[in-house]
Amino acid sequence: MLLTRLLNACHHFPGFVYEGARLCEATQSIEIDVRPRKGSKPVCSCCNQPARGYDSLTERRFEFIPVWGFAVFLLYTMRRVDCRDCGVKVEALPWANGKHTLTRAYMIFLAQWARKLSWKETAQSFRTSWEKVFNAVEWVVDWGLAHRELGTIRAFGVDEIQYGRGHKYLTLVYQIEAGCTRLLWVGQERTKESFAKFFAMIGEQVCEKVEFVCSDMWKPYL
Ligand SMILES: [Zn+2]
């Protein structure tokens with residue numbers, strides 16, 4: 001089976017075509033050429049609307065999920081658009097953010113492994129760097145926070161954990177309901193002031209629906 005066909009089955013984006021794949025034995029990597037589909041309009045990265053093409057930049061490499069021990073790179077020459085509203089901007093890509101050299105698919109892949117292994121082990125297992133694992137986790141967490149829905153919180157628990165050497169504490173708040181157990185918030189220290197920031201984060205409307213709070217006898221929490 002052709003690698004490009006495999007990619008079309010799992011990582012397909014309208015408006016873009018996988019043109020070919022080659023093995024680079026010297027670098028133990030697979031390079032895959034990506035190009036825009038003929039007639040497809042680039043999308044402005046500023047307003048996410050299709051826009052007129054302006055010019056092309058130099059080719060960039062985006063790291064994809066490694067396969068059979070080979071690193072995989074998508075090679076793509078990014079275009080700039082002449083957007084009616086935003087002016088000349090670089091195009092938006094559906095598989096990566098402008099700032100990252102890792103594809104979104106690879107960042108999600110690394111972040112999922114980083115939940116099972118330490119970040120160092122994740123980096124070693126996939127022959128990448130600790131920084132790249134860190135970037136992947138950071139991006140996934142940011143995405144999760146931006147798209148988080150608090151919904152109704154009926155019950156939560158608050159507790160502290162000690163970290164580092166000496167008396168350093170974090171305040172953790174968990175939602176503790178039959179159908180939903182999740183970490184809602186982490187705050188520095190275990191003071192009244194730090195805990196108050198949790199209530200500020202969830203807002204008055206969500207606060208009003210809370211029926212149960214589980215806490216130990218730590219005074220600032222009470
Ligand atoms: Zn625009």
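Looking only at residues in the range 32-51 that are of a type in the set (Gly, Ala, Ser) and open to solvent by less than 40 Å² (accessible area, probe 1.4 Å), which one is nearest to the ligand (Cβ to nearest atom)?
Within the range 32-51, the first condition is being of a type in the set (Gly, Ala, Ser), and the residues that meet it are 39-40, 45, 51.
When the remaining residues are screened for being open to solvent by less than 40 Å² (accessible area, probe 1.4 Å), the result is 40, 51.
Values: Ser40: 17, Ala51: 6 Å.
Ranking the qualifying residues of the range 32-51, first place goes to Ala51.
Return the residues of the range 1-31 that are in a strand (DSSP E or B) and either open to solvent by less than 50 Å² (accessible area, probe 1.4 Å) or closer than 16 Å to Trp95 by Cβ (or both); say none if nothing qualifies.
Passing the criteria: Phe16, Val17, Tyr18, Glu19, Gly20, Ala21, Cys24, Ser29, Ile30, Glu31.
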**Q.** Residues of the range 57-87 satisfying the condition of being of a type in the set (A, V, I, L, M, F, W, C) and either open to solvent by 50 Å² or more (accessible area, probe 1.4 Å) or away from the ligand (no atom under 16 Å from the Cβ) (or both)
**A.** Leu57, Phe62, Phe64, Ile65, Val67, Trp68, Phe70, Ala71, Val72, Phe73, Leu74, Leu75
(Q) I'd like to verify a number: residues in the range 1-48 that are out of contact with any strand residue (DSSP E or B) (no Cβ under 7 Å at 6 or more places or on another chain) and either over 30 Å from Arg127 (Cα atoms) or assigned by TED's automatic domain parsing to the domain that holds Arg127 (or both), how many? (A) 5
Q. With (1) surrounded by 14 or more Cβ atoms within 10 Å (Cβ to Cβ); (2) farther than 24 Å from Lys219 by Cα; (3) not hydroxyl-bearing (Ser, Thr, Tyr) as the list, and Leu172 as the residue in question, which single condition is left unmet?
A. (2)
Q: Return the pairs, sorted by first residue and then second, in which the second residue is assigned to a loop (DSSP other than H, G, I, E, B) and within 7 Å of the ligand (Cβ to nearest atom), the first residue lies in the range 45-56 and is farther than 9 Å from Cys83 by Cβ, the beta carbons are less than 8 Å apart, and the residues are 6+ apart or on different chains.
A: none
Q: Would you mind stating whether Gly53 is of a type in the set (Gly, Ala, Ser), under 17 Å from Pro94 (Cα atoms) and not in a loop (DSSP other than H, G, I, E, B)?
A: yes
(Q) Considering only residues that are farther than 11 Å from Arg190 by Cβ, open to solvent by 100 Å² or more (accessible area, probe 1.4 Å) and part of a loop (DSSP other than H, G, I, E, B), which ones fall in the range 201-222? (A) Lys209, Glu211, Met217, Leu222
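The values are calculated or read from the model by the stated rules, or taken from the named source; none is laboratory data. Quantities reported herein were computed from a predicted structural model and do not represent experimental measurements. Don't worry about glycine lacking a Cβ; one is built from the backbone with ideal geometry, like all the others, and counts go over all protein chains shown. Side chains are part of the model used for accessible areas, which takes the heavy atoms of the whole protein and leaves out ligands, DNA and RNA. Shrake-Rupley method; radii C 1.70, N 1.55, O 1.52, S 1.80 Å.
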